[in-house]
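Working notes for the structure below.
Please treat every number below as a calculation from the coordinates, not as lab data. Keep in mind it's a predicted model, so treat the numbers as computed, not measured. Glycine gets a Cβ as well: all are built from the backbone with ideal geometry, and neighbour counts include every protein chain shown.
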Amino acid sequence: MSNSLTSPENGLLSKPFFVLTGPTACGKSALALELAKALQADSAVELISVDSALVYKGMDIGTAKPTAQELAQVPHHLIDIREPDQPYSAANFVRDCELAVDGILARGAFPILVGGTMLYLHAMLNGLDPLPQADAPVRAQLEARAQQQGWPAMHAWLAEVDPETAQRLAPRDAQRIQRALEVWLVSGEPLSQLQQRSQRDLSWQNEWIAQRLLSLEPNERSWLHARTDQRFDAMVRDGFLAEVDRLRANPKLHAQLPAIRAVGYRQAWQMRDGVVPEHEWIAQAQAATRQLAKRQITWLRSMPTRQVLACDCLTLPQLVDRALPMVRQIMATG
């Protein structure tokens, strides 16, 4: 194995930790907290967030960030580590995650990774693709062209130069369309070809996933849709728009930043900009959340050896009872 970050012999994946994942609003955070409490007799537990939105300061309500009380109950890592105008990548996550795991183990505690940003999990499990660095002038050119033509037109352009990547991206997935076009313009090669070239022997991966990765997934998609809609309604009642207005007061922030493109924030920002009618933005945000959950579940199903618990059929205590033996096994064997 050539990649030190993902080699099972000497990298991050060789260290004892557990991964709890699943689609948005499936109950990951609540289960992680209860597991940490239940495991106190065995070992102290610290949680590492695997969430691309929780890294940003000042984005609390719309990201369902753990409350101050929850953060006080169990140590959390990789939360509130960036300002919303600062970039944070999968490469940053893999590096920071390894540092966090090392620190937790050095304290004699056990790390549980919890979250649903599948790009981060992919980077952790598969390594980092040898892609070109970000090119600010090229990105600026792409932004200008997108403002004139719209992201669906940019997606059509991507389909001409890299049809494989375009096929798996939604026509309005601005961030990923921009990155794919940037890679093509900078390197002269399609993103899909560069990613295929970087594939390594990952035959060990299925066994690792079977032992250490637990996914909460509903049997009925309608259950998850109802939960995401209810959670977003609660966010609005709890002051989500006031939070967005505070972000908008920061002159460094704008609609094209990755932080502001997060589901919910994007639609609220567009509403405040007058792009989306006031009576439509909540429905659009809820629809975008359902699409996010669908993409997450699709990615999870690409890992057939993952352990799955039906979050719509089991109570929280039942989920804890089912998950505890899996975590204890890794704690005992390393």
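Tabulated results
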item: Distance (nanometres) between label positions extended 7 Å along Cα→Cβ at GLN148 and ALA44; result: 5.8
item: Burial ranking of peptide ranges 242-249, 134-141, 175-182 (average Cβ count within 10 Å, highest at the top); result: 175-182, 242-249, 134-141
item: Hull volume in cubic angstrom per residue (convex hull over the Cα atoms of the stretch 136-197); result: 69
item: Calculated from backbone phi, Karplus (6.51, -1.76, 1.60) coupling profile of the stretch 282-288 in Hz, x at Gly/Pro; result: 5, 4, 5, 5, 5, 5, 5
item: The stretch 59-69 - phi-based ³J(HN,Hα) in whole Hz, Karplus 6.51/-1.76/1.60, Gly and Pro as x; result: 10, 10, 5, x, 9, 6, 5, x, 6, 4, 5
item: Approximate spin-label separation ASN250-ASP135, in nm, with each point projected 7 Å along Cα-to-Cβ; result: 2.9
item: Using θ = phi - 60° and Karplus 6.51 cos²θ - 1.76 cosθ + 1.60, couplings along the stretch 206-218 (whole Hz; Gly, Pro as x); result: 4, 5, 4, 4, 4, 8, 10, 10, 10, 10, 8, 9, x
item: Rotationally averaged projected area of the stretch 280-334 (alpha carbon convex hull; nm²); result: 5.6
item: For GLN307, residues with placed amide H under 5 Å, excluding near neighbours; result: LEU213, SER215
item: Sparse-neighbour loop sites [chymotrypsin sites (Phe, Trp or Tyr not before Pro); the stretch 195-284; at most 13 other C-beta within 10 Å; DSSP]; result: TRP204
item: Cα gyration tensor shape for the chain, rounded if a/c is under 1.5, else prolate or oblate; result: oblate
item: Euclidean distance between Cα centres, the stretch 228-306 to the stretch 62-103, Å; result: 19
item: Virtual spin-label span in nm between ALA242 and THR67, 7 Å along Cα→Cβ; result: 1.6
item: Cα Rg over Rh - the stretch 56-176, Kirkwood; result: 1.04
